[in-house]
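Shown next, in structure tokens, is the structure this report addresses.
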Amino acid sequence: MKRRQFIQYATAGLASSVVAGQAQAQSGGLSVRYLGHMCFLFTGSGQRILVNPFRSQGCTAGYRPPNVQTDLVMISSQLLDVGAVDVVPGNPKLLVEAGAYNVGGLKIQGVATDQDRVGGRRFGRNIAWRWNQGGLNLLHLGGTAAPITLEQKILIGSPDVVFIPVGGSARAYNPQEARQALQVLNAKMIVPMYFRTSAAKGECDLGGLDAFLSLMSGTPVRKGGNSLSMSRSDLPKEGSVIQVMNYA
């Protein structure tokens, strides 16, 4: 296995660099590239962040491995459909545990949640990642089927953009659970992920995207390709918008 640079928890001694990083993060914009499943590459504020690289099998069999250059990898669990860090080239830094971090001036919070509906007893813990990049407060929920607790909501704060699983299964929100989580989060932009696509081959217990979109009827939907540039001006002034990203 490749040697990775694990990052330790942030400490009080980093306070000055955190403040500087927050100022840097407020400028510019953000580029988001969808690599399939729960995997996205975020580029902005002088950093590239890859979340949840996967191995191509089952639900992801038809996707190309996310073999992209990045400065930092954040994974929600060490299961191979969300934490296959060995497919990523080079030696990027790696975040795998809940906690507060400062990485290159970006303040990042990993929030522990349960992956399943039985207190994590079946699949263990999931890490939801919250950070500010390109002037946007981002939340990638990873793979979770558990409701958001009050303590988790305090750590998560108020995201502008949330990346949320919607395909159901034993360790991801079904459409009804996703809608309930969104009512708690109150994000401006919703990016659905972790649903069944034509990439699935063999065993895959995810449902498709249509059931979620149908349940969320009344919320405007924007459809685009696998890459998206966004800034605060792209957020709706009132309510929410669903941004569907397609694999290409």
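Where a number appears in this text, it was derived from the coordinates with a stated rule and is not lab data. Small disclaimer: the values here were computed from a predicted structure and weren't measured. No Cβ is skipped: glycine too gets one built from the backbone with ideal geometry, and neighbour counts run over all protein chains shown.
Is it fair to say residue 221 is touching a residue at least 12 places away in the same chain (Cβ under 8 Å) and surrounded by 22 or more Cβ atoms within 10 Å (Cβ to Cβ)?
On the way: touching a residue at least 12 places away in the same chain (Cβ under 8 Å): yes; surrounded by 22 or more Cβ atoms within 10 Å (Cβ to Cβ): no.
Considered against the rule, which asks whether it is touching a residue at least 12 places away in the same chain (Cβ under 8 Å) and surrounded by 22 or more Cβ atoms within 10 Å (Cβ to Cβ), residue 221 comes out as no.
Which residue out of 82, 111 is surrounded by 17 or more Cβ atoms within 10 Å (Cβ to Cβ) and assigned to a loop (DSSP other than H, G, I, E, B)?
Numbers: 111 fails: assigned to a loop (DSSP other than H, G, I, E, B).
Just one listed residue meets the conditions, 82.
Restricting attention to the range 82-96, report how many residues are touching a residue at least 60 places away in the same chain (Cβ under 8 Å) and either under 23 Å from residue 178 (Cα atoms) or out of contact with any helix residue (DSSP H, G or I) (no Cβ under 7 Å at 6 or more places or on another chain) (or both).
Kept after step one, since they are touching a residue at least 60 places away in the same chain (Cβ under 8 Å), are these residues of the range 82-96: 82, 85-86, 91-96.
Now restrict to residues that are either under 23 Å from residue 178 (Cα atoms) or out of contact with any helix residue (DSSP H, G or I) (no Cβ under 7 Å at 6 or more places or on another chain) (or both): 82, 85-86, 91-93, 95-96.
Residues flagged as touching a residue at least 60 places away in the same chain (Cβ under 8 Å) and either under 23 Å from residue 178 (Cα atoms) or out of contact with any helix residue (DSSP H, G or I) (no Cβ under 7 Å at 6 or more places or on another chain) (or both) within the range 82-96 amount to 8.
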Which of the residues that make up the range 42-77 are outside any loop (DSSP other than H, G, I, E, B), within 18 Å of residue 246 (Cα to Cα) and not β-branched (Val, Ile, Thr)?
42, 50, 59
Only one of (1) part of a strand (DSSP E or B); (2) free of Cβ contacts under 8 Å to residues at least 24 places away in the same chain; (3) not aliphatic (A, V, I, L, M) is not met by residue 126, so which one is it?
(2)
Filtering the range 175-201 down to residues that are closer than 24 Å to residue 239 by Cα and among the basic types (Lys, Arg), which residue is surrounded by the fewest Cβ atoms within 10 Å (Cβ to Cβ)?
179
Checking residue 204 against (1) farther than 15 Å from residue 166 by Cα; (2) surrounded by 13 or more Cβ atoms within 10 Å (Cβ to Cβ), which single condition isn't satisfied?
(1)
